[in-house]
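The values are calculated or read from the model by the stated rules, or taken from the named source; none is laboratory data. Remember, it's a predicted structure, so these values are computed and weren't measured experimentally. Reconstructed Cβ throughout: ideal geometry from the backbone, glycine too, with neighbour counts over all protein chains shown.
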Amino acid sequence: MNRGDPFSVLPLIERALTSYVERLDVGTRLRDAIAYSLLSGGKRLRPVLAWHACEAAGGEAVDALPACVALELVHCFSLVHDDLPAMDDDDLRRGIPTLHKHAGEAMAILAGDAMMTLAFEPLTTDAVSPKLGKRGELCVRLVRDLVVATTGMISGQVYDTIPGTAPGGSALERVRVIHKHKTGALIRASCTMGGSCAQLSGGGRDEDVAALGRFGDAVGLMFQIVDDLIDLEQPSELVGKRTGKDEEAGKLTYPLAYGGGAEGARQCRDEVAKLKASALAELDRFGAKAEALRELVDFLATRTK
């Protein structure tokens, strides 16, 4: 890995994703639909977090690859379904037509279904790592984390999409609940699953994984606030997907919860700074092993797409 660039691990992650898809025995059309969405690029934030969390927790980062593949499968399934006409009805994702525009709604639904179930294979077999398949207790722990995160993500989608379902009194309380689930759950799991994978090479102590979970909670909310600001302020051409859609749909966002306008955006940036400080504080225990995670936090707090 190139120090100073936490995303320099992407070629290894992309290779693992491509290799996994190429071995799928699901029929050509379904495999092609999965490949179209899964291998179309993107930030790969969740796998990158898992990779570096494994390293921070005292493991060999490559041992996180099963979690990297599983997490990206779940994330991609959620994007495919989120883009459907019954949900956000988006035409563009990562700068290319969404899967339902490319292959039809039926195939998009089925490919999303397949990616959600396939996500558990790398965590329970030797499909990605021969080491993990022999560690039953660790497999159960990883599956449990992914189940909790995926269910939380779907709950957050319900809160975000179906009016009147999000618990909480104030707008700010409701938007925090929505995004703690919709976005934060899978980001938290990326950190804890990566940390747990460190057990394969002698790390992954429970207290370290717990600290990584708290780190993931702060990063997840920070990521979503920045995402809401990007949707509000950046053009679609830069982001690679339609922006401004949340405001058009009347969805509750962090800027709106803070009152909207310039003052709402300012308070969002203040909250980002607080969450960044909280995330970095959780990394103090890891010393130099968490340097890549610190670099990621800096990037996520200031990104524009």
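When residues of the range 158-200 are filtered for being in contact with a helix residue (DSSP H, G or I) (Cβ under 7 Å, 6 or more places away or on another chain), touching a residue at least 24 places away in the same chain (Cβ under 8 Å) and surrounded by fewer than 18 Cβ atoms within 10 Å (Cβ to Cβ), how many remain? Going through the range 158-200 one residue at a time, the tally reaches 2.
Just to confirm my filter: which helices (runs of 4 or more DSSP H) fall fully inside the range 1-107 and include at least 2 residues that are in contact with a Gly (Cβ under 6 Å, 6 or more places away or on another chain) and free of Cβ contacts under 8 Å to residues at least 60 places away in the same chain?
Working: elements: 10-22, 28-38, 45-56, 65-82, 99-103.
Per the criteria, 65-82.
Applying a threshold of 6 Å to beta carbon distances and a minimum spacing of six or more residues, or different chains, the list of pairs starting in the range 220-241 at a residue that is at pLDDT below 60 and ending at one that is surrounded by 19 or more Cβ atoms within 10 Å (Cβ to Cβ) reads LYS241/ARG93.
Here ASP88 qualifies as modelled with pLDDT under 95 and either surrounded by fewer than 24 Cβ atoms within 10 Å (Cβ to Cβ) or not aliphatic (A, V, I, L, M) (or both).
Take the residues in the range 253-287 that are hydrophobic (A, V, I, L, M, F, W, C) and farther than 16 Å from LEU212 by Cβ, then tell me which one is surrounded by the fewest Cβ atoms within 10 Å (Cβ to Cβ). Within the range 253-287, the match that is surrounded by the fewest Cβ atoms within 10 Å (Cβ to Cβ) is ALA262. Taking the conditions (1) at pLDDT below 95; (2) within 19 Å of ASP145 (Cα to Cα) in turn, LYS43 satisfies each one other than (2). Close Cβ contacts (under 6 Å, 6 or more residues apart or on different chains) running from residues in the range 130-153 that are part of a helix (DSSP H, G or I) to residues that are surrounded by fewer than 16 Cβ atoms within 10 Å (Cβ to Cβ) comprise GLY133/THR125; GLY133/ASP126.
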